[in-house]
Amino acid sequence: MAHTTARVSGLAALSAVALIAGCGNTYRPVISSINPVGPAGQPTKYAAVVSSPSATSPGLLTAVDFSGDTVLSTPQILTNPSYFAINQSGTEGYVVNAAGSFDDFALSNPTSLLTTNIVQTSLPASSNPISLSIVSLASAGLTVFVPSQGYSTIAALNGFGPSLEQEIAVGANPVYVVGVDGALRVYAISQGPTSTCPSTGQVAAIEGASPLSISATLCVGAAPIYGVMTSDGRRAFILNSGSGTVSVINVINNAPDSTTPSVTLPNITYKNTGGTTVTAAPNPVWADVTSVTDELVVLNQGDGTGPGSLSIINIPLCNTSTQPSNPSCNTTNPVDAVGFGSIVATVPVGTHPTMVAMLHDGSQAYVVNQKDSTGQCNAGEGSVTVVNLVTTVVQATLCGISTPAGIASVNASPTLVYGHPNSVAVTTGTPTGKVYITSPDAEFLTVIYTDTDSVVTHIPLQGYGVRVLMTSP
């Protein structure tokens, strides 16, 4: 009965329109389509994965579409790749191997990326490169910095080519170059010793004017291994694995931070299998930083037998909002705010952790471990520790599996992390972000969703994982 009434009412309305139209005006019905409302479109971004089938076979670059976790291309790259990095805009990728070969490729459209598009060059013989960094300095453009341990130099290559522009002499055993796009300078980390820093490591400040030159040499802690710089280019943090400290550098002043030159990381205490309490030095190895929450997370490896830890460090600078109450605050060269350098918390993670990556909003951090330390996973298997940076507690532990039967196919163990993880990359998304994990003993990329902190799929790589990176946060 209700349907009949509705039809009668509709006919009456049409009759009324007809009568009105007869008065001299013509009214025509307009039909407007209503498009279906679906989920928000995903941003164009890719996971770029470098893998190696064997030490004598060409390596592979696998480009994975973020929105569908589908493989877009798998071109061949140099043999036995050892380190992989991309520029800050996510448009160019660079790979190096221990033999000194160097590859460059565009990531702006991975769908059409072929082996023939890979540009290969060579570094000087016996240079023994171990890492690389890509930075667009404020006064020098895009430059690729490659530490050459064989010569105690930093090879500087033009990022568009690439071609070797110059070699910069630094301290013995250079390991990494720290910098961000737009920074005034970058810092080359060397473990030394040198006459300037006979008992510690050092960083050499490389200026962007052409030719590149060193403006200062700053002593840091023992055995520096890695570093990060804030996105505004104002502070750099150097991880000293030998002394268990983080050196803080004021990039604007090109000197150690005046109020907090270093942060001492806490030792790690645990009980061994015999029940004896062991105290291990922190041994920091990796770090990540976010400007959203003004926090630095430092991954401490410990002694490699017991658990590692993740130290959450507060690093706020004074800003315009604090100007009225802080007359010394200079927005061009801000000083440390109250609480700068304080350790908010130190959270236990797995055994022998290798890398940490933080979500862009600073809410969570993901740590990849060679072994689990909680007892939740099978003995000897790897794991991923999810740390809630708001509550500063472990939110989840994801277990790994490394037996041949366990990772014989994509879905052999669908809820587990494949292999003993060695690299991690995270990215935001709608409705969920994703975490990508590689392992040196698994030919698969593990994908984790950040809303559930669970493994959702694995992607075949055809080679053993070296490193995964995202083209955008």
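The values are calculated or read from the model by the stated rules, or taken from the named source; none is laboratory data. What you see is a predicted model, and the numbers here were worked out from it, not measured in a lab. Cβ atoms come from the backbone with ideal geometry, glycine included; neighbour counts cover every protein chain shown. The accessibility values were calculated without ligands, DNA or RNA, using every heavy atom of the protein model including side chains. Shrake-Rupley method; radii C 1.70, N 1.55, O 1.52, S 1.80 Å.
Per DSSP H run of at least 4 residues, take -39500 (n - 2.57); add these up for the chain, divide by its residues and hand me the 222 nm value, nearest 500 deg cm²/dmol.
-1500 deg cm²/dmol
Would you rank V278, V50 by solvent-accessible area, highest first, keeping every protein chain in place and using a 1.4 Å probe?
Greatest to least solvent exposure: V278, V50.
Using a 1.4 Å probe on the protein chains only, how many percent of the accessible area of segment 244-372 belongs to carbon and sulfur?
Reported share for carbon and sulfur atoms: 53 percent.
Determine by what factor the alpha-carbon radius of gyration of segment 327-419 differs from 2.2 N^0.38 Å, reporting the quotient.
Against the compact-globule rule of thumb, the ratio is 1.49.
Could you work out, for segment 245-391, what percent of all Cα-Cα pairs fall into each 10 Å distance bin, beginning at 0 Å and stopping at the bin that holds the largest distance?
Going from the shortest bin to the longest, the percentages are 11, 36, 30, 15, 6, 1.
Provide the convex hull volume over Cα atoms per residue for segment 56-123, in Å³.
So the per-residue Cα hull volume is 87 Å³.
Starting from the Kirkwood radius over alpha-carbon pairs of segment 208-295, derive D by Stokes-Einstein at 25 °C in a medium of 0.890 mPa s and give it in µm² s⁻¹.
It diffuses with D of about 166 µm²/s by this estimate.
Taking the Cα centre as origin and putting +1 on Lys and Arg beta-carbons and -1 on Asp and Glu beta-carbons, what dipole magnitude results for the chain, to the nearest 20 debye?
In debye, rounded to 20, the chain gives about 660.
Of all the Cα-Cα pairs you can form in segment 162-244, what percent are over 22 Å apart?
Result for the distance tail: 22 percent.
Using a 1.4 Å probe, what is the accessible area per residue for segment 348-473, in Å²?
That works out to 35 Å² per residue.
Relative to 2.2 N^0.38 Å, what does the C-alpha radius of gyration of segment 179-338 come to as a ratio? Two decimals please.
Normalised by 2.2 N^0.38 Å, the Cα Rg of segment 179-338 equals 1.14.
From the C-alpha coordinates alone, can you work out the Kirkwood hydrodynamic radius of segment 357-473, in Å?
When all Cα pairs of segment 357-473 are included, the Kirkwood radius is 14.0 Å.
How long is segment 415-473 along each principal axis, judged by its Cα atoms, biggest number first, in Å?
Result for segment 415-473: principal-axis Cα extents of 31, 25, 16 Å.
With the Cα gyration tensor of segment 377-420 in hand, convert its eigenvalues to equivalent ellipsoid semi-axes via √(5λ) and list them largest first in whole Å.
Ellipsoid half-lengths, sorted descending, are 25, 10, 6 Å.
Compute the long axis of helix 2-21 from its Cα atoms, compare it with the longest principal axis of the Cα atoms of the chain, and write down the angle in degrees, 0 to 90, nearest 10.
Result, in degrees: 80.
Leaving out same-chain residues fewer than 8 places away, which lysines sit with a Cα under 25 Å from that of K371?
Partners found: K271, K434.
Could you check how much of the accessible area of segment 391-435 is carbon and sulfur, as a whole percent, using a 1.4 Å probe?
Answer for segment 391-435: carbon and sulfur cover 63 percent of the accessible area.
For segment 319-417, calculate the relative contact order in percent as a whole number, restricting contacts to Cα pairs under 8 Å that are 6 or more residues apart.
The normalised contact order for segment 319-417 reaches 17 percent.
Cα gyration tensor of segment 251-293, axes a ≥ b ≥ c as square roots of the eigenvalues: rounded (a/c below 1.5), prolate (a/b > b/c) or oblate?
Cα axes put segment 251-293 in the prolate bin.
Probe of 1.4 angstrom, ligands and nucleic acids ignored: what's the accessible area per residue over segment 85-225, in square angstrom?
I get 37 Å² per residue for this part.
Starting from 0 in steps of 10 Å, tell me what percent of the Cα-Cα pairs of the chain lands in each bin.
The calculated distribution, bin by bin, is 4, 18, 27, 25, 11, 4, 4, 4, 2, 0, 0.
By its C-alpha gyration tensor, with a ≥ b ≥ c as the square roots of the eigenvalues, how is segment 53-209 shaped: rounded for a/c under 1.5, else prolate for a/b larger than b/c, else oblate?
Because a/c hits 1.5 or more and a/b exceeds b/c, segment 53-209 counts as prolate.
Please list C219, C197 from largest to smallest accessible area, probe radius 1.4 Å, with all protein chains kept in place.
Order by accessible area, largest first: C219, C197.
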